[in-house]
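We did not get these values from a lab; they are worked out from the coordinates using the rules stated. Because the structure is predicted, anything quoted here is derived from the model rather than measured. Cβ placement follows ideal geometry from the backbone for every residue including glycine, while neighbour counts extend to all protein chains displayed.
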Amino acid sequence: FSHGGIQLYYEIYGAGEPLLLVHGNGGSIADFKAQIDYFRKRYEVIAMDSRDQGRSGDSPDVLTYEVMTDDLAALIDHLKCGPVNVLGWSDGAIEALLLGIRHPENVKKIAAMAANLNPNGIHPAIHAWVESNLRSMSAADGETPQGKREVKLMELMLHEPQIDPKTLESIKVPTLVLAGDHDAIVDEHTLEIYHHIPNSELCI
C-alpha cells in the first residue's frame with residue numbers, strides 16, 4: 001500500500017488477534033521468520049518492511065522514527081485491524097513505543113525489545129563501530145541505491161531518536177520492556193524506559 005507517496009510492502013499470516021511485528025535497523029520481514037512461524041498459530045501476524053528497507057520503497061527525505069511509526073499507523077488504518085498487539089525489536093521497539101505515544105487508539109499491548117530513547121542509550125562500542133563504517137564508505141558507495149540506504153540508516157542510529165522519557169508516561173496499555181543482559185542498549189537506559197511506563201513489566 002502507499003503512504004506519503006512511498007510504496008510499503010507487507011505480509012499477513014494466520015488468523016486471530018492482530019499482532020504487528022516491527023523489524024530492526026536495516027532489516028526486513030525475513031528477520032522474523034521464526035517468530036512468524038510460531039505466532040501465526042494463534043494470531044493474525046502482520047509484518048511490514050519499513051521505508052528505505054527490505055522491499056519497501058525509498059523516501060527522498062531524512063529518515064526518522066516518527067515517520068516510520070506513522071507508516072505503521074497508516075498500515076493499521078489501511079487494514080482496519082486496530083487496535084493491535086505490537087512486538088518490536090531494536091528500531092522496531094522504538095517504533096512500538098512511539099506508536100503507543102502517537103497513535104494510542106491503534107495499540108492494545110506492546111512488547112519492546114532493545115529500544116533506546118536517544119543515541120546515548122546505545123553502547124559506546126556500537127556507536128564507534130557505526131561511525132567507523134560511515135567514515136569508511138567512499139563517495140561512490142554513498143551514491144548507489146544500497147549505499148544511500150546504508151548511509152540513511154547509519155545516520156539515523158547516530159542522531160535519532162530524541163524521545164523525552166516523560167512522554168512514555170502517556171502509554172497506558174500493558175507493555176513488556178525487554179533487553180538482553182549483554183545488549184547493544186545500556187542496562188540503565190532500559191531501566192529508564194521501564195520506570196517511565198506505568199503499566200509495564202521488565203524482562204532481561
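Results, tabulated for the structure shown:
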| quantity | calculated |
| --- | --- |
| Packing rank of 10-17, 177-184, where each peptide gets the mean count of other beta carbons within 10 Å, highest leading | 177-184, 10-17 |
| Mean shadow area of segment 43-85 over all directions, Cα convex hull, nm² | 3.5 |
| For segment 188-201, Karplus couplings with θ = phi - 60° (6.51, -1.76, 1.60), whole Hz, Gly/Pro x | 4, 5, 4, 4, 4, 4, 4, 5, 9, 9, x, 9, 10, 10 |
| Environment charge at G5 (Cβ cut-off 15 Å; Lys +1, Arg +1, Asp -1, Glu -1) | -4 |
| Whole-Hz ³J(HN,Hα) from phi, Karplus 6.51 cos²θ - 1.76 cosθ + 1.60, for segment 66-81, glycine and proline x | 5, 5, 5, 5, 5, 4, 5, 4, 5, 5, 4, 5, 4, 8, 6, 10 |
| Debye intensity ratio I(q)/I(0), log10, the chain, q values 0.09, 0.14 Å⁻¹ (C-alpha model) | -0.32, -0.80 |
| Filter on K33/K152; K108/K172; K80/K152 - keep pairs with C-alpha separation over 20 Å | K33/K152; K80/K152 |
| DSSP-loop trypsin sites (Lys or Arg not before Pro) across segment 141-204, with at most 13 other Cβ within 10 angstrom | K172 |
| Estimated D of segment 154-204 in µm² per second, where Rh is the Kirkwood radius over Cα pairs and Stokes-Einstein applies at 25 °C, 0.890 mPa s | 206 |
| Amide H partners (placed H, <5 Å) of A111, local residues excluded | V86, L87, G88, L176 |
| DSSP-defined antiparallel bridges as percent of all bridges, the chain, nearest 5 | 25 |
| Cα coordinate range in segment 14-125, projected on the principal axes (Å, largest first) | 40, 26, 26 |
